[in-house]
Amino acid sequence: MDSLAQLFEETLKDVYYAENAILKALPKMVKKTKNPELRQAFEEHTEQTKGQVRRLDEIFKIIGKKASGKECLAIKGLIGETEEIMSDSETPEVLHAGLIGCAQAVEHYEIARYGTLKAWAEQLEMQDAAQLLDETLQEEKQTDEKLTSLAISTVNPDADMGEDSEESEDDESEGVNAASMDEEAEDEGATTSRKKSSRSR
Ligand code: FE
Ligand code: FE
Ligand code: FE
């Protein structure tokens, strides 16, 4: 690899592989999800992802190459972690919170990739490709934000309900919990960095 154009093509193959892997993983996540809103979010993103694959097909056409994927170890790892959450979560509520966390890790990977690809397309003066990449980038960002608000409004509080049950080993009082989460960072990223909503309590 000795040019930005080659790097662009290789990375395009990386996301092509990733999107197709996500297309296989999402229906399994839909099946496992009992929360109707979360389920709908996953279903909508499945449809969006199909459109994203079509955009990538178009970009391969623009660069005159056959659309193909190249194994993306990152997405394999992230999907592996998702499968772990699906088999290890013992309540639907905890599963839902865990699934959002995993889905957001995937969105952030995609946001990183599409941001880079868009910048490279601009550098290579491929405005049409840059435009297509930006459309997908915006969809990934919106999905990430939607998952954050779902998590904070309902999914995380629901998952937190079982805390007082006898199975809870760590004896966290609410005071301790609140004290450990006082950084109000408006990180657009993972929900785990957000302060727990206190409205539910
Ligand atoms: Fe995607
Ligand atoms: Fe990758
Ligand atoms: Fe996505």
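Give me the pairs, please: first residue somewhere in segment 43-66 and under 15 Å from residue 21 (Cα atoms), second residue anywhere and among the basic types (Lys, Arg) and surrounded by 15 or more Cβ atoms within 10 Å (Cβ to Cβ), beta-carbon distance under 8 Å, and either six or more positions apart or on two chains.
Every condition considered, no pair remains.
Read through the list (1) more than 16 Å from ligand 2 (Cβ to nearest atom); (2) without any contact (Cβ under 8 Å) to a residue 40 or more places away in the chain, then give the number of the only condition that residue 155 fails.
Going through the list (1) more than 16 Å from ligand 2 (Cβ to nearest atom); (2) without any contact (Cβ under 8 Å) to a residue 40 or more places away in the chain, residue 155 breaks only (2).
Restricting attention to segment 55-77, which residues are more than 16 Å from ligand 2 (Cβ to nearest atom) and within 19 Å of the chain's Cα centre (by Cα)?
Scanning segment 55-77 gives a single hit, 55.
With the requirement that a residue be free of Cβ contacts under 8 Å to residues at least 12 places away in the same chain and either within 10 Å of ligand 3 (Cβ to nearest atom) or part of a helix (DSSP H, G or I) (or both), what does segment 118-147 give you? Walk me through how you get there before you give the answer.
Initial filter on segment 118-147 (free of Cβ contacts under 8 Å to residues at least 12 places away in the same chain): 119, 122, 125, 127, 131, 138, 142.
Residues satisfying the conditions are 119, 122, 127, 131, 138, 142.
Within segment 32-48, can one find any residue that is surrounded by 15 or more Cβ atoms within 10 Å (Cβ to Cβ), within 16 Å of ligand 2 (Cβ to nearest atom), of a type outside the set (Ser, Thr, Tyr) and at pLDDT 95 or above?
no
Can you name the helices (runs of 4 or more DSSP H) wholly within segment 1-117 that have at least 3 residues being basic (Lys, Arg) and closer than 24 Å to residue 149 by Cβ? Can you show your working first?
Details: elements: 4-32, 36-62, 73-88.
So the answer is 4-32.
Based on this model, can you work out whether residue 137 counts as within 12 Å of ligand 1 (Cβ to nearest atom), touching a Gly at 6+ places or on another chain (Cβ under 7 Å) and not acidic (Asp, Glu)? It would help to see each step written out before you state the result.
Working: within 12 Å of ligand 1 (Cβ to nearest atom): yes; touching a Gly at 6+ places or on another chain (Cβ under 7 Å): yes; not acidic (Asp, Glu): yes.
For residue 137, the condition - within 12 Å of ligand 1 (Cβ to nearest atom), touching a Gly at 6+ places or on another chain (Cβ under 7 Å) and not acidic (Asp, Glu) - is met.
The values are calculated or read from the model by the stated rules, or taken from the named source; none is laboratory data. Because the structure is a prediction, the values reported are computed rather than measured. Counting neighbours? That spans all protein chains shown, and the Cβs are built from the backbone with ideal geometry, glycine included.
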